[in-house]
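Single-structure report; data block below.
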Amino acid sequence: MADVKCTHCGLIFDESAMIIEKEGDKTLFFCCHGCQGVYHLLSSEGLDTFYSKLGKTTLTPPRNQNFEDLEKFNLDGFRNKYVKVNKDGLNEVSLIIEGIHCSACVWLNEKVLHRTDGIIEATINYTNNKAKVVWDNDKVKLSRIIEVIRSISYDAFAYDPALQEVRALKIRRDYYSRILVAIFGMMNIMWIAVAQYAGYFTGIEQEHKNILNVAEFVLATPVLFYSGWVFFRGAYFGYKNRMINMDVLVAAGATLAYLYSIYAMITQRGEVYFDSVVMIITFVLVGKYLEVLGKKHAVDTLDLLTSTIPTEIVVIKNNQKNLVALENVEVGDIIEVKAGEKIVIDGIIKEGAASFDESSLTGESLPLLKLIGDNILSGSICLDSTIRYEATKDSSSSLLHSIVTLLEDSITKKPKIEQLANSISGYFSVIILLIAAATFISWYYLSDIGFERSLIISISVIVIACPCALGLATPMSTLMGISLAAKRGILFKEASNLETLAKCDIAALDKTGTLTEGKPKVIEANFLKEFDISLLYSLVSNSNHPISKGIKNYIAQNFENFKELKLGDINSIQAKGISATYNGQKIFGGNNALMIDNGIATKNITENLVFNFAVNDGLVASFELKDTPKDGAKEMIGSLKSLGLKVVMLTGDHEKSAKNIASELGIDDIKWGLLPAGKAEVIDDLHKQNKKVIMVGDGINDSIALAKSDIAIAMGNGADIAINVSDVVLLNENVEKIAEALQISKRTYKAIKENLALSIIYNVIAIPLAVAGFVYPLVSALSMSLSSLIVVGNSIRIKRLKFKK
C-alpha cells in the first residue's frame, strides 16, 4: 500500500497502519487514536482552521492518556472527600492541572472547559496550577470534565495538600536531572569555547577547529533535547493550540542557533554557536526552576492550613469510641480530643477542661483555658488534656473549613490588573517573533553583515524577550499578599479585593462592637450604705444584659468574699432593669426609671450609663458605666489617616455619647442616631461624591451598609450575616488588623505596579538593544531569566512588610 499522511500530525505512515474514517467526500487518516481524538475535538470546537495555518509542518502525536480510571471521579468516596455543593446547588472541586507551563496553557484549559456544557465556572491560578471548577452535575459528570482536560494532552487530579509535597518533590527531581546535564554540558563546552575564541583571534588550523566543533556538538545535543525538553513540550502544546508562549521563544532561539551551527560545522563555513545553545537552555532552565521554587514557597502558607487536617476523628456513641470520617460527623455528636490534636469541628465542651492554642486563627500567642460550656473553634489545638465536646456545626460549615474555602476561592479570582497583564502577554510572543523576523530581514538585506550575523541578532531578539515576567507580575504578588494576610488573621475572600481595598479613600467605621468593646465597664462606683455584695452579684448573674455583665465583671475583679445566692421572684423589667427577693428582702437593679417607679430617689445626672442597686426602699449603691474604646482603636485611626484615608464613624447612639467616643479616638466626622438603613444611605451619599468606601462592622444592623460599600470588612466575632456579605474577614477582635489589611493591600498593589513596570521597562530597553545587535544570545538568555527572577523576588519582599503602629 502507499504511504499517506496523518490528517492531524502530518507524519507519513503506510496506509495499512492507519485508522481510516470517512467525513463526507473526504477520507481521513490517523496514525493513532490520540491524533484522531484531538482532530475531532478541534473540529467540534470550531478550531479546525488550525490545519490550514499549519501548512506543511508536522506535529508530534499526542501522548497516550489513561481514560480507564475516569469512573473513580464519580464514586461517592471521591465526591465526599473532594467535591462540595455550594449554596446554589452546584458542585465545586479544586483540581491540579498537570502540564501547565505558562499563561497560554491556562487560557487554553479555561477556554476548553468553558465550552463544555454544564460547566458554570473554571478558573486556574497560574502560580500553583490549581483550578476551581463549578458545574451542574445534572448536565455533566466530573469524569467527563477530567476527560476533556486529558483530551488536550493535560492531566488533572484532585487537589490534596498531603500529596502536594510528593508531587512537588517529583517535579524538583526532574528539574535536578535536567539541570545537572545542562550544567555538565555548559562547564565542558566553556573550556572548548575558550580554545575556539583563542583560535579565532590568533589563528587555528581547520582540522583542529573541526574537532572542537564536533566536541561542542556532542555536548550541546543532550543539553538541547534532554534539558531543553520542557521548552519543546511547552512550545508544542502552545503551537498545537495556536498559542505562542515563552517556551516557543526559547525553543525557537536555541533550535535556530543549533541548526545553523550544524550547517557551519558540516560546510566548514562560518562559526558555530553550540556554546550559545547550551547557555540559553541552562540559564533559562535554572531560572524556570527557581521560579517553580518561588511559586511553591508562596503557596506553602495556604497549604499549611489544610495539610494537617485529619480525615477521621473519634466520636463517642453509646459510650463507645468510633473513628468516623470527618464529612460524616453530624451536629450534636460527642467528639473526643486528646492533647496535641487539632480541633476540626466547632463545638461546646461537655467534659473536661484544657488550654487551647488559637494563634493560627486569632494571632493570640498565649494559650486560652476553656472550661465546660465554653465554645471551641476548629483550627485551634488542644494542648494539655483530653476533652469531650458537642459538635455545633458540621465539617463543611465550621470555622476552619470556612477559612480554607475563602483562601482557595481568593487565589482563583483574578484582579482586573492581572486580567489586563494576561491579555497583553498573550499577544506579546507573537509580536516578538514578528520583530525578530523583521530584524533578520533588515540586517540581511539592508547591511553587509551577512546571513550568519543577521541570524544571531534575530536569535538574540527572540531569546531576550520575556512574556513570563509580565504573566507573573500580578499572581505572584497577590498570592504573597493573601498568604501574609492569612498569617495575620486577615482573610480576603477574593484576590481582586486587594486591588479594590488599596484604591479606597474613605473608611466608614461602626462604633459599637467595632471601635468600642460593646461591653460596658464600670468607671465609677458609689457605695451609699453597707450591704452584702453577694446580693448584687446574684441579681446581675440572672441577667444577660451587657450592663448587668459589666457589673458582674466589676464585682469579680474587685471583691473576693462573695457567692451566688438563690434568689426568688426574679423579674426582668424591659428597658429598666431586674428585681428579685431574698429572705424577705426586695432588691432592685437598673436605671433611674426603675428607681422612680419604685419610689426610690436618685441623683444621677450623667451622659454615661447608670446602674442603681436598691435593697427594700433604700438606694445602697450606684454605678456609672461606659462602653470603652477597644485597645489599639486610637492607633488604628491614626494609621488609617497616615495611609491617606478619611475616617467617618457611624452609630445609632445619641449625639453626646458618639461625640465622646469620637473625641477620644481622634475622629472628626461623626454620623449619629442612625438606623441600619441610615448607615446605608451614608455609604450611598459617599458614592455620589465618587468616593471608594470601606465599611467596617460586626452586627446585623451593619449588614446593609456592608453590602453597599466597595469593600466590606467584618470582625470575626460578628454576626454571620455581616461576615457573609463582607469581602474581608478579621479572625479576631483586634481593631489594628483593619489598618494591617489596608497596609497589606497597598503594599501588594504597589508590588504589582512595580513588577509590571519592571517587566515593561526591561522589554522596552532590552529588545531595541537586541535589535540593534548589541546583545549576544547567551547574554539574552541570562537577562531573560533574571527578569523573571526579579519579579518573583520583588513579590517575596511583601513578606517583609513592617506594619505601622
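The values are calculated or read from the model by the stated rules, or taken from the named source; none is laboratory data. Computed from a predicted model, the values in this text were never measured in an experiment. Note: ideal-geometry Cβ built from the backbone for every residue, glycine included; neighbour counts use all protein chains shown. Heads up: the accessible areas ignore ligands, DNA and RNA and are worked out on the full protein's heavy atoms, side chains in. Shrake-Rupley method; radii C 1.70, N 1.55, O 1.52, S 1.80 Å.
Some observations on this one:
- Separation of the A195 and D685 label points, Cα + 7 Å toward Cβ, nm: 8.6 nm
- The range 543-650 - accessible surface per residue (Å², probe 1.4 Å): 53 Å²
- Taken about its Cα centre, the range 517-629 carries a charge dipole of roughly 160 debye when the Cβ of each Lys and Arg holds +1 and the Cβ of each Asp and Glu holds -1.
- Mean Cα-pair separation over length for the range 626-708, i.e. relative contact order, pairs under 8 Å, 6 or more apart, %: 25 percent
- Mean separation of Cα contacts under 8 Å, 6 or more apart, over the residue count of the range 68-158: relative contact order %: 34 percent
- Local electrostatic count, K586, Cβ distance below 9 Å [Lys/Arg +1, Asp/Glu -1]: -2
- Modelled label positions at T392 and K603, each set 7 Å beyond Cα in the direction of Cβ, lie 4.6 nm from each other.
- Each Lys or Arg adds one and each Asp or Glu subtracts one; over the other residues with Cβ under 13 Å from the Cβ of I711, this totals +1.
- Ligands, DNA and RNA left out, the accessible area of the range 517-629 computed with a 1.4 Å probe is 44% carbon and sulfur.
- Backbone amide hydrogens, once placed in the peptide plane, bring L674 within less than 5 Å of T651, G652, D653, excluding anything fewer than 5 places away on its chain.
- Amide proton proximity set for E312, modelled H, under 5 Å, gap of 5+: L326
- Shape category assigned to the range 517-629 from the gyration tensor of Cα positions, a/c cut at 1.5: rounded
- Around E327: net Lys/Arg minus Asp/Glu count, Cβ-Cβ under 11 Å: -1
- Descending by average beta-carbon neighbour count within 10 Å, the peptides 546-558, 343-355 line up as 343-355, 546-558, the highest first.
- Added length on full extension, which subtracts the Cα-Cα distance from 0.36 nm per residue, D76 to V430: 122.9 nm
- Working from Cα pairs under 8 Å separated by at least six residues, relative contact order for the range 517-629 is 33 percent.
- Per-residue packing, averaged as other Cβ atoms within 10 Å, sorts the ranges 273-282, 679-688, 504-513 into the order 273-282, 504-513, 679-688, beginning with the highest.
- Burial ranking of peptide ranges 486-499, 369-382, 559-572, 202-215 (average Cβ count within 10 Å, highest at the top): 486-499, 369-382, 202-215, 559-572
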